[in-house]
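Please read the structure below before turning to the comments.
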Amino acid sequence: MEYFVTEIDRDGTVAVDDTILIKDYETKAGSHILDGFVPLFSGDAVERLLGAGYAVRGKTHTGEFGLDIAGETSYHGVCRKADGTLSTAAAEAVAAGVVRQALCVDVNGAPRRGAALSGVDFLKPTYGTVSRYGIIPTACSGEQVGVCAGDAESVKELLAVIAGHDGKDGTSLPAASYDYTADKTIAGLKIAVVQEYYDAAADEIKARLDAYIASLKEADAEVTMISLPDAKAYATAWQIMLSAETCNNISRYDGVKFGYRTPTYKDIDELYVNSRTEGLGFTAKANVLYGSDVLSKNQYLRCYDKSLRIRRLASEKMKEVFAAYDAVLCPVMRTASVEAYDTADTFERTQQELLFTAVPSLTGIPAMVTGGVQLWSAAFGESTLLSIAKAMEGRADK
């Protein structure tokens, strides 16, 4: 099975997805438009890894600009599991033991879904705790570097290395470092299950959630069903913002300064058009067109501005939830597997899956996938998520 776009060090124990820059190694973010792009510097997270003595095994395949379900839109190759279904290359590399941990950029929830599909853990930390300097930008207000690993302790180990203030990133929070633990007691924790997400999941996912809930109760955690009546509105708001920001960021790829350039053009306009037409995949183009529309004069107030207002409402709602509960438990996707499909349907299919992953991207709260389910907490609540995950992993091992 092919995990890596580029192999760097066969003794390396960490993978880095191909959205994160590593100096002198081609970085494509799954897109033909970036063929031949070799960065002159590495991302801050990579520099921290190398400085701490970790070695990078290679750069894993990723879906084009991280916009898809589980890496299926990559121009440079997709990752299939042994049964032929899809998952992300980073999650599969961790699951197969090829690497111990991986860094992945969570733009649209793909690393979270990949972790569930491959049976490993992934933590998207609080927005701003890990530097975004040195990643290929797609949706700057929500994308975040996270850690994929086989268990909660391994996630915690690497997250502690890469988290901390970076003066090169304008969205970086001021704390120089963060202390994480996976050893908090979960007895007495109050955990909410969102009815709307539970009802939208397939029966196999509901069964998985029911089993996780039973284990939590056996560990003396309190589990309560709650409602988020505006869940669909939150997902729609993130899709609008995601596409608008993607449209803005992808506009820099024109075939002139770097990346793919069409061999057939007569003037500068044709160079732009042909390079983008040939270099971008369907899903990227669909997001650009949708983003252009919601940012247009006729749609800006009705769509984009309203999405900003919904983001504020979502943040306020989650503050209410976390004032009463320590964590939220929900599915990370509708089904337990992803079959190969016509990627011309990716935009619509990804919109459907956004229901389960949008809120952490929209509001910046941390989200962790473990045991095939998803946990959210209030900002800076990573230790709560890690502790729940570790406790449940311990029970599963007995």
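Observations
- Within the stretch 28-76, the set of residues being small (Gly, Ala, Ser) and more than 19 Å from residue 277 (Cβ to Cβ) comprises 42, 43, 45, 51, 52, 53, 55, 58, 63, 66, 70, 71.
- Subset of the stretch 104-140 [hydrophobic (A, V, I, L, M, F, W, C), farther than 19 Å from residue 371 by Cα and over 10 Å from the mean Cα position of the chain (by Cα)]: 130, 135, 136, 139, 140
- Taking the conditions (1) more than 18 Å from residue 130 (Cβ to Cβ); (2) buried (at least 21 other Cβ atoms within 10 Å of the Cβ); (3) of a type in the set (A, V, I, L, M, F, W, C) in turn, residue 368 satisfies each one other than (1).
- Residues (under 22 Å from residue 309 (Cα atoms), surrounded by 14 or more Cβ atoms within 10 Å (Cβ to Cβ) and hydroxyl-bearing (Ser, Thr, Tyr)) located in the stretch 225-268: 234, 236, 243, 246
- Screening residue 379 on (1) in contact with a Phe, Trp or Tyr (Cβ under 9 Å, 6 or more places away or on another chain); (2) assigned to a helix (DSSP H, G or I); (3) modelled with pLDDT of 95 or more shows it passes everything except condition (2).
- Taking residues in the stretch 255-284 that are within 19 Å of residue 136 (Cβ to Cβ) and outside any helix (DSSP H, G or I), and partners anywhere that are at pLDDT 95 or above and of a type in the set (D, E, K, R), the pairs with Cβ atoms closer than 8 Å and at least 6 places apart or on different chains are 255/261; 255/276; 259/35; 260/35; 260/278; 280/64; 281/64.
- Residues satisfying the stated conditions in the stretch 308-357, i.e. part of a helix (DSSP H, G or I), touching a residue at least 60 places away in the same chain (Cβ under 8 Å) and among the small types (Gly, Ala, Ser): 314, 324, 344
- Selection count where residues are of a type in the set (A, V, I, L, M) and either at positive phi or more than 16 Å from the chain's Cα centre (by Cα) (or both), scope the stretch 141-161: 4
- Of all the residues in the stretch 78-108, those that are small (Gly, Ala, Ser), assigned to a loop (DSSP other than H, G, I, E, B) and either within 14 Å of residue 17 (Cα to Cα) or modelled with pLDDT of 95 or more (or both) number 3.
- Hits in the stretch 269-314 - residues which are among the basic types (Lys, Arg) and either closer than 22 Å to residue 63 by Cβ or surrounded by 15 or more Cβ atoms within 10 Å (Cβ to Cβ) (or both): 276, 285, 306, 311
- Residue under evaluation residue 115, criteria (1) surrounded by fewer than 20 Cβ atoms within 10 Å (Cβ to Cβ); (2) under 18 Å from residue 2 (Cα atoms); (3) touching an Asp or Glu at 6+ places or on another chain (Cβ under 7 Å), criterion not met: (1)
- Qualifying residue in the stretch 21-33 (condition: at negative phi, basic (Lys, Arg) and surrounded by fewer than 20 Cβ atoms within 10 Å (Cβ to Cβ)): yes
- Residue in the stretch 66-73 that is surrounded by fewer than 17 Cβ atoms within 10 Å (Cβ to Cβ) and either not in a helix (DSSP H, G or I) or not hydrophobic (A, V, I, L, M, F, W, C) (or both) present: no
- Hey, residue 368 in contact (Cβ under 8 Å) with a residue 40 or more places away in the chain and assigned to a strand (DSSP E or B) or not: yes
The values are calculated or read from the model by the stated rules, or taken from the named source; none is laboratory data. Computed from a predicted structure; not experimentally measured. Using ideal geometry, Cβ is built from the backbone for each residue, glycine included, and neighbour counts are taken over all protein chains shown.
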